[in-house]
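Notes to accompany the following structure.
Read the figures in this text as sums done on the coordinates, not as results from a lab. Keep in mind it's a predicted model, so treat the numbers as computed, not measured. Cβ sites come from the backbone with ideal geometry, for glycine too, and all protein chains shown count toward neighbours.
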Amino acid sequence: MNTYARFPLTLVRGDGARVWDDDGRSYLDFISGIAVNTLGHAHPQMTAALAAQAATMLHCSNLFHIPKQQQLAERLTRLSGLDGVFFCNSGAEANEGAIKLARKYFYDRGLPGRTIITATQSFHGRLLATLSATGQEKVKTGFDPLPAGFAHVPLNDMAALKQAVNSDTAAILLEPLQGEGGVNIADAGYLKELRQLCDARGLLLILDEVQTGIGRCGSMFAFEQAGIAPDILTLAKGLGGGVAIGAMLATEQVAASFGPGAHGSTFGGNPLACTAALTVLDVMESEQLLENVRQRGAQLRRGLQALANRHAVIREVRGLGLLVGAELSIDAAPLIADARAEGLLILMAGPRVLRFLPPLNITADEVDAALAIVDVILRKL
Ligand SMILES: Cc1ncc(COP(=O)(O)O)c(C=O)c1O
């Protein structure tokens with residue numbers, strides 16, 4: 001079906017942060033499959049691990065114990081400080097699970113039918129409940145009736161949030177940094193106060209780190225930078241480095257509301273997907289990618305800021321780690337086409353924001369090369 005406004009480009013191969021089209025032309029990939037190709041393309045360790053797992057067992061039902069799933073659960077719980085994991089296949093599915101778990105948690109306490117507050121401009125997925133949770137009207141049109149039980153408040157507006165919380169509220173669901181909504185950072189102070197509010201009112205804090213998690217923002221999870229922890233955490237995108245996998249984690253007390261039969265997924269956490277995610281985590285550690293994200297992210301933001309000083313069309317540079325946005329005073333789409341013509345793949349985050357999402361193992365030279373192309377296209381304006 002014609003669900004995507006595709007770029008006029010066919011990509012057939014990749015190596016590191018470089019991809020090739022069907023005419024043999026190469027591009028620097030600062031999209032990474034929308035924050036998915038954590039290790040770039042065709043990382044040899046990933047290729048070998050997936051080939052070995054494919055030769056052993058691709059899929060095994062969750063009716064059985066799955067050692068790779070167990071290992072991945074142990075790694076993710078250790079890294080996040082949370083206690084239980086449910087594996088699925090995408091970001092929307094992880095958030096759908098989080099919404100169900102939050103509702104069940106209150107149902108188990110004799111408080112059914114409670115609502116979840118999310119932010120305007122948020123993006124949580126395109127399944128019906130995640131669409132309802134999403135704070136952007138444009139993606140909801142035509143899909144009524146959407147599941148009830150969601151309210152929306154502006155990000156970083158504590159007064160609005162406090163006003164929205166009432167005796168029916170179950171949880172607050174937020175992205176620590178809104179990716180699709182425009183690279184909008186939730187302030188650390190806001191997140192801290194939010195955590196306190198949730199504790200004081202007995203609410204669950206659900207963080208959607210589908211785009212920000214797994215090192216993208218310079219720490220394994222973006223929430224670490226605010227010095228807080230969620231009750232429920234969702235992951236996908238970068239977790240599998242290109243193989244579909246999502247995860248929904250929770251504290252022991254919250255996770256206890258999902259007993260056998262409460263939720264499920266045929267493909268969730270199968271051996272192939274878990275091998276991919278374990279390899280992502282292994283390589284991130286052995287190649288010290290968190291440090292690389294911090295350094296290359298600072299380099300990218302510095303470079304874009306320098307360009308902003310010379311080209312007034314860039315109004316603001318913002319982001320964390322390698323999730324970087326440049327807000328423009330003009331529409332971003334033509335510049336994205338110009339960048340592509342010069343050999344750089346970038347994308348938008350809303351109509352006027354250029355978004356940069358290189359692989360986490362991007363090199364300093366590749367960041368400089370991308371900045372040089374951005375300079376070229378801005379000079380042509
Ligand atoms: C923060 C966030 N949550 C959820 C999703 C939905 O993920 P998926 O497309 O894997 O369902 C996205 C996708 O862009 C996202 O950025």
Hits among aspartates and glutamates - C-alpha to C-alpha of K68 under 16 Å, sequence gap 8 or more where chains match:
D282
Counting other beta carbons within 10 Å of each Cβ, put F87, F267 in order, fewest first.
F267, F87
Taking N as its residue count, the alpha carbon Rg of segment 89-214 over 2.2 N^0.38 Å:
0.98
Suppose the chain between E137 and R25 were pulled fully straight at 0.36 nm per residue; how much longer would it get relative to their current alpha carbon spacing?
36.5 nm
Three semi-axes of the equivalent ellipsoid, the chain, Cα gyration tensor, whole Å, largest first
33, 26, 18
Inverse of mean 1/r across different Cα pairs in segment 4-55, Kirkwood, Å
12.2
Which three semi-axes in whole Å describe the equivalent ellipsoid of segment 158-262, each the square root of 5 times a Cα gyration tensor eigenvalue, listed largest first?
23, 19, 12
Name all residues of segment 184-220 having a backbone nitrogen under 16 Å from the label point set 7 Å from the Cα of N156 along its Cα→Cβ direction, giving them as ranges.
184-194
Taking the Cα centre of each part, how many Å lie between segment 278-312 and segment 140-215?
27
With only helices counted (DSSP H, runs n ≥ 4, each -39500 (n - 2.57)), the per-residue ellipticity at 222 nm for the chain, to the nearest 500, works out to -11500 deg cm²/dmol
Points 7 angstrom from Cα along the Cβ direction at Y4 and Q288: gap in nanometres?
3.6
Using C-alpha positions alone, give me the convex hull volume of segment 28-161 per residue in cubic angstrom.
199
Report, ordered by chain and residue number, the lysines lying within cross-link reach of K192, taken as a straight Cα distance under 29 Å and ignoring same-chain residues fewer than 8 apart.
K100, K104, K162, K237
Taking just the alpha carbons, could you work out the radius of gyration and Dmax for segment 194-322, both in angstroms?
18.0, 59
Between segment 314-338 and segment 54-82, what's the alpha-carbon centroid distance in Å?
38
Calculate, in whole percent, how much of the Cα-Cα pair population of segment 293-369 lies beyond 22 Å.
14
